[in-house]
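Notes to accompany the following structure.
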Amino acid sequence: MSSDRLSATFAALADPTRRAILARLASGETSVTELAEPFEMSLPAISKHLKVLERAGLITRGREAQWRPCRLRAGPLEDVADWVAHYRRFWEQSFDRLDDYLHALQGKEKKHGRKKR
Amino acid sequence: MDAKRDDVAAPAADTGIIVTRVFDAPRALVFRAWTEPQQLMRWWAPQGCTTPYCTVDLRPGGAFHYCMRLPDGRDIWGLGLYREIVVPSRLVYLDSFADADGNPVPPAHYGMSAGHPAESLVTVTFEERDGKTRVTLHHAIPVSVEERGGAEQGWTEMLERLAAELRRS
C-alpha cells in the first residue's frame, strides 16, 4: 500500500526519544556515542531507535568503519510536515468560512426568520 | 456503535492535529451546519475553494460525499465514512479521497505523493457554553495505536518547525 511510507515515518516520530534524536541531528551529524550521552540509555537501546529512524528514511548512517556518523534526511520529514500543514490549513480556513456562514445565517434569521434548508 | 474503543478515546495533542474554535452560535445550529449538505456546501473547504456537490447519509456506516473545487477549477472528491454520531455533540468519521460515484480512491488519483495516507480519522466535538459553541477538531495522524510511542504534547508543531529549519539549511 502506498500509504505505508508516510505511516512508517509517523510511527518513527511517535516516540519522544526518537524525536529528540532528530532534533539533535538537526544541528549536525554526530556519532552514536555522542547521541547516546544525553539519554541515559545503553548504546544498544539507542542503536535500536536509530534502526527505526533509518528504516523510515529519516536518517542515514555513514559507512566509515569506526565512526558511522548519523545524518538527518529531510525528505520524509518534509512529507509529514506537509501533510500536517495541509490539514491544519484546510481546517483553519474552513473554520473561518464556517464562522462567516454562521454569522450570516443568524443575521438572516433575525430579519427573515429561519429559512429551512 | 461499532467504532473501536481506541479510535474514540479522548484525542490528545500527540496523536494528531487539533484545531479549536468558539463559534457565536448555539450548538444545535453548529451541528446542523456540519451535517446538512446544503449548509456544508456554504463553508466546507479553504478560502478560494467551493463545494458544488455534497450528500450526507447521517448514520454510523453512512457517509458524506463531497466535491471540492479548487481555485484553478480542478475537482477533488472526498468521502467521510461515519464511525460515530452523537447529536449534537460528537462526530467521528474516516476521511478519504473518492471518485464522483463515492468510491474511495488512493491519494495518487489526485496526484498526491506516494506517501500520502489513504485515510485518516477525524473527531469533532461540539460543546455549548453561554449560547456559544466550542468546536474541537482532531485529525489523527495515520498511525495505528500500537505504533504510537510515548505521549508528548504538540509534537506536530515541533515537526513543522524542524522541517522548516531543514528547508532553510
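The values are calculated or read from the model by the stated rules, or taken from the named source; none is laboratory data. What you see is a predicted model, and the numbers here were worked out from it, not measured in a lab. Positions of Cβ are backbone-derived with ideal geometry, glycine not excepted, and every protein chain shown enters the neighbour counts.
Of the numbered conditions (1) within 12 Å of another protein chain (Cβ to nearest Cβ); (2) over 20 Å from B:THR136 (Cβ atoms), B:PRO52 satisfies every one except a single condition; which is it?
Just one mismatch for B:PRO52, condition (1).
Could you tell me which of the residues A:ALA104, A:ALA45 is under 30 Å from B:TRP34 (Cβ atoms), of a type in the set (Gly, Ala, Ser) and modelled with pLDDT of 80 or more?
On the way: A:ALA45 fails: under 30 Å from B:TRP34 (Cβ atoms).
Matching residue, one of A:ALA104, A:ALA45: A:ALA104.
Being farther than 18 Å from B:TRP44 by Cα and of a type in the set (Gly, Ala, Ser) is the filter; apply it to region B:67-110 and report the residue that is nearest to the other protein chains (Cβ to nearest Cβ).
B:ALA108
How many residues are of a type in the set (Lys, Arg) and exposed (fewer than 14 other Cβ atoms within 10 Å of the Cβ) when one looks only at region B:69-100? Before you say what the answer is, go through the steps one by one.
Kept after step one, since they are of a type in the set (Lys, Arg), are these residues of region B:69-100: B:69, B:74, B:83, B:90.
Next, only the ones that are exposed (fewer than 14 other Cβ atoms within 10 Å of the Cβ) stay: B:74.
So the count comes out to 1.
B:PHE64 passes all but one of (1) farther than 16 Å from A:SER94 by Cα; (2) within 12 Å of chain A (Cβ to nearest Cβ); (3) touching a Gly at 6+ places or on another chain (Cβ under 6 Å); which number fails?
Of (1) farther than 16 Å from A:SER94 by Cα; (2) within 12 Å of chain A (Cβ to nearest Cβ); (3) touching a Gly at 6+ places or on another chain (Cβ under 6 Å), only one is false for B:PHE64: (2).
Kindly list the number of the only condition in (1) more than 7 Å from chain A (Cβ to nearest Cβ); (2) within 16 Å of A:HIS86 (Cα to Cα); (3) modelled with pLDDT of 90 or more that fails for B:ARG161.
Result: B:ARG161 fails condition (3) only.
Give region B:30-68 a look and list any residue that's over 24 Å from A:ALA85 (Cα atoms), buried (at least 19 other Cβ atoms within 10 Å of the Cβ) and without any contact (Cβ under 8 Å) to a residue 24 or more places away in the chain, or say none.
Scanning region B:30-68 gives B:ALA33, B:GLN39, B:CYS54, B:VAL56.
Scan region A:81-95 and give yes if some residue there is part of a loop (DSSP other than H, G, I, E, B) and surrounded by fewer than 19 Cβ atoms within 10 Å (Cβ to Cβ), otherwise no. Spell out how you get there, then give the answer.
At the first step, the residues of region A:81-95 found to be part of a loop (DSSP other than H, G, I, E, B) are none.
Within region A:81-95, not a single residue is part of a loop (DSSP other than H, G, I, E, B) and surrounded by fewer than 19 Cβ atoms within 10 Å (Cβ to Cβ).
Can you tell me which condition A:GLU92 does not meet? The list is (1) more than 7 Å from every other protein chain (Cβ to nearest Cβ); (2) out of contact with any helix residue (DSSP H, G or I) (no Cβ under 9 Å at 6 or more places or on another chain); (3) under 30 Å from B:LEU29 (Cα atoms), and all the others hold.
For A:GLU92, the failing item is (1).
Could you identify the single residue in A:ARG19, A:ARG24 that is at pLDDT 85 or above, touching a Pro at 6+ places or on another chain (Cβ under 8 Å) and more than 30 Å from B:GLY48 (Cβ to Cβ)?
Details: A:ARG19 fails: touching a Pro at 6+ places or on another chain (Cβ under 8 Å).
After applying the criteria, what remains is A:ARG24.
Go through (1) surrounded by fewer than 20 Cβ atoms within 10 Å (Cβ to Cβ); (2) free of Cβ contacts under 8 Å to residues at least 12 places away in the same chain one by one and return the number of the condition A:ARG71 breaks.
It fails just one condition, (2).
I'd like the full set of residues that are within 14 Å of another protein chain (Cβ to nearest Cβ), outside any helix (DSSP H, G or I) and of a type in the set (S, T, N, Q), limited to region A:1-54.
Once the filter is applied, which keeps residues that are within 14 Å of another protein chain (Cβ to nearest Cβ), outside any helix (DSSP H, G or I) and of a type in the set (S, T, N, Q), region A:1-54 yields A:SER2, A:SER3, A:SER27.
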